[in-house]
Amino acid sequence: LITGMLLFSGIGALFSGRIVDRCRTVMPGIFAAIAVLLILGAFFYDQLLIEIGQWPNYPLRMTACVALLAPAAFLMGFPFPTAMAMLSRLGKDRFFIWAWGINGTFSVIGAVAVPILSVTYGQSIPILSAAVLYLIAWPAFYAVLAPPPGGAPS
């Protein structure tokens with residue numbers, strides 16, 4: 001499943017180059033879609049996974065599980081590379097190190113927090129938390145798009 005998540009988010013990152021010119025209008029929909037998919041997942045994944053777990057064919061079970069995460073993972077591949085491209089276009093290259101650092105920090109925090117939260121409160125809590133974080137990232141993305149002090153380069 002981790003491989004599926006990485007694969008589909010990587011495909012999303014690849015496709016993100018197609019929306020950079022329109023990111024101001026496209027990214028709100030992507031952030032909203034990620035949040036909606038995660039919220040739906042928080043409420044329906046448990047029952048779906050129980051049903052899928054009863055299927056006798058293991059490869060089919062794995063395919064179904066990957067298919068469940070593919071849409072959200074694909075969309076999750078868009079924000080970071082799009083923001084990095086916009087930082088570059090706006091002449092804010094000095095923020096690259098911060099973007100990589102924040103990304104790495106949340107990756108480490110997530111790797112530790114998700115299993116703890118899942119065991120303690122159930123898997124819907126980390127999924128809902130992720131939805132909230134993507135909704136917070138939505139306005140933060142527009143901070144990236146703000147012109148640098150002194151005017152935006154063309």
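The values are calculated or read from the model by the stated rules, or taken from the named source; none is laboratory data. Values in this document were obtained by computation on a predicted structure and should not be read as measured data. Here Cβ is always computed from backbone atoms with ideal geometry, including for glycine, and neighbour counts include all displayed protein chains. For the accessible areas, the whole protein counts, side chains as well, though only heavy atoms, and no ligand, DNA or RNA atoms are used. Shrake-Rupley method; radii C 1.70, N 1.55, O 1.52, S 1.80 Å.
Of the residues making up the stretch 53-80, those that are surrounded by fewer than 11 Cβ atoms within 10 Å (Cβ to Cβ) and part of a helix (DSSP H, G or I) are 53, 58, 59.
Residue check: is residue 40 open to solvent by 70 Å² or more (accessible area, probe 1.4 Å), modelled with pLDDT of 95 or more and part of a helix (DSSP H, G or I)? In short, yes.
Selection over the stretch 72-94 of residues that are farther than 18 Å from residue 138 by Cβ and not small (Gly, Ala, Ser) gives a count of 5. Give 135, 117, 48, 69 a once-over and let me know the one that is touching a helix residue (DSSP H, G or I) at 6+ places or on another chain (Cβ under 7 Å) and under 17 Å from residue 23 (Cα atoms). One residue alone meets the criteria, 135. Confirm whether residue 50 is modelled with pLDDT of 95 or more and loosely packed, with under 15 Cβ neighbours inside 10 Å. Answer is no for this residue. Can you tell me which residues in the stretch 81-120 are open to solvent by 60 Å² or more (accessible area, probe 1.4 Å) and in contact (Cβ under 8 Å) with a residue 60 or more places away in the chain? Listed by number, the list holds a single entry, 89. Residue-level analysis places residue 136 among those that are under 21 Å from residue 27 (Cβ atoms), in a helix (DSSP H, G or I) and open to solvent by 40 Å² or more (accessible area, probe 1.4 Å).
Among residues of the stretch 1-37 being free of Cβ contacts under 8 Å to residues at least 60 places away in the same chain and open to solvent by less than 70 Å² (accessible area, probe 1.4 Å), the one that is farthest from residue 124 (Cα to Cα) is 26. Given the criteria without any contact (Cβ under 8 Å) to a residue 60 or more places away in the chain, over 19 Å from residue 141 (Cβ atoms), out of contact with any Cys (no Cβ under 9 Å at 6 or more places or on another chain) and β-branched (Val, Ile, Thr), does residue 63 qualify? Judged against the criteria, residue 63 is a match.
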